[in-house]
1. Kindly provide the set of residues from the stretch 42-63 that are crowded, with 24+ Cβ neighbours inside 10 Å and closer than 12 Å to residue 10 by Cβ, ordered by number.
2. Among (1) away from the ligand (no atom under 13 Å from the Cβ); (2) farther than 20 Å from residue 116 by Cβ; (3) out of contact with any helix residue (DSSP H, G or I) (no Cβ under 7 Å at 6 or more places or on another chain), where does residue 153 come up short?
3. Inside the stretch 98-128, can you point out the residues that are closer than 21 Å to residue 175 by Cβ and surrounded by 23 or more Cβ atoms within 10 Å (Cβ to Cβ)?
4. Out of (1) over 14 Å from the mean Cα position of the chain (by Cα); (2) part of a loop (DSSP other than H, G, I, E, B); (3) within 14 Å of the ligand (Cβ to nearest atom); (4) within 19 Å of residue 141 (Cβ to Cβ), what's the single condition that is false for residue 59?
5. Give me the residue from the stretch 101-135 that is within 27 Å of residue 181 (Cβ to Cβ) and modelled with pLDDT under 95 and, out of that set, farthest from the ligand (Cβ to nearest atom).
6. With the structure loaded, tell me whether residue 92 is within 16 Å of the ligand (Cβ to nearest atom) and at pLDDT 95 or above or whether it fails that test.
7. Look at residue 189 and say whether it is more than 13 Å from the ligand (Cβ to nearest atom), at pLDDT below 95 and closer than 15 Å to residue 6 by Cβ.
8. Among the residues of the stretch 62-82, which ones are at positive phi and under 13 Å from the mean Cα position of the chain (by Cα)?
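The values are calculated or read from the model by the stated rules, or taken from the named source; none is laboratory data. The model shown is predicted, which means the values in this text are computed figures rather than measured ones. Virtual Cβ from ideal backbone geometry, glycine too; neighbours counted across all protein chains shown.
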Ligand SMILES: [Zn+2]
């Protein structure tokens, strides 16, 4: 039986939750948001004996996407996501890297993702939700049968993504969380881009931004 597995590899000085998602039976999977620290990601893949078939990006920030071009080259795999509205951020990764001290190369995904698209990872289907506000092209990946979502920098344990960028929009982010993430159901587990995992139910109850 295919079994969905997830391992988190914190990367960059921002301790971004890069994740490896795979099917334990076939040992095939994907790397989500390889912001940097590629030797650690490659070591984790080797230790887990997982073959990454693609890279998926939730959004274009340096701590999520800075290492994507190099990792795609190293593993010879395609990059999928985010939504094309984040193209300007992916083009700008070298200057974002210079500002933050994280090495970043520009990356152009093989496939941009839109609301309702499906991303296949190791035989598992992840549904794409477009949840802008933190960045214009931010996407969330949901596997409903497993009750699990990779939410990037939209929703955190007791917090939400920052929106104090020129292109940020707090009201849009909160509206997206309310209309797309909360309806996933209380039992759905979330892996945010930073900090602890949580559930939709726990955030409905205790997240001060959702009162
Ligand atoms: Zn971000």
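1. The one that is crowded, with 24+ Cβ neighbours inside 10 Å and closer than 12 Å to residue 10 by Cβ: 63.
2. Only one criterion in (1) away from the ligand (no atom under 13 Å from the Cβ); (2) farther than 20 Å from residue 116 by Cβ; (3) out of contact with any helix residue (DSSP H, G or I) (no Cβ under 7 Å at 6 or more places or on another chain) is unmet by residue 153, namely (1).
3. The answer is 113, and nothing else.
4. With respect to (1) over 14 Å from the mean Cα position of the chain (by Cα); (2) part of a loop (DSSP other than H, G, I, E, B); (3) within 14 Å of the ligand (Cβ to nearest atom); (4) within 19 Å of residue 141 (Cβ to Cβ), residue 59 is out only on (1).
5. That would be 123.
6. Spelling it out, residue 92 is indeed within 16 Å of the ligand (Cβ to nearest atom) and at pLDDT 95 or above.
7. Taking the combined requirement at face value, the residue does not satisfy it.
8. 81 - this is the single residue of the stretch 62-82 that is at positive phi and under 13 Å from the mean Cα position of the chain (by Cα).
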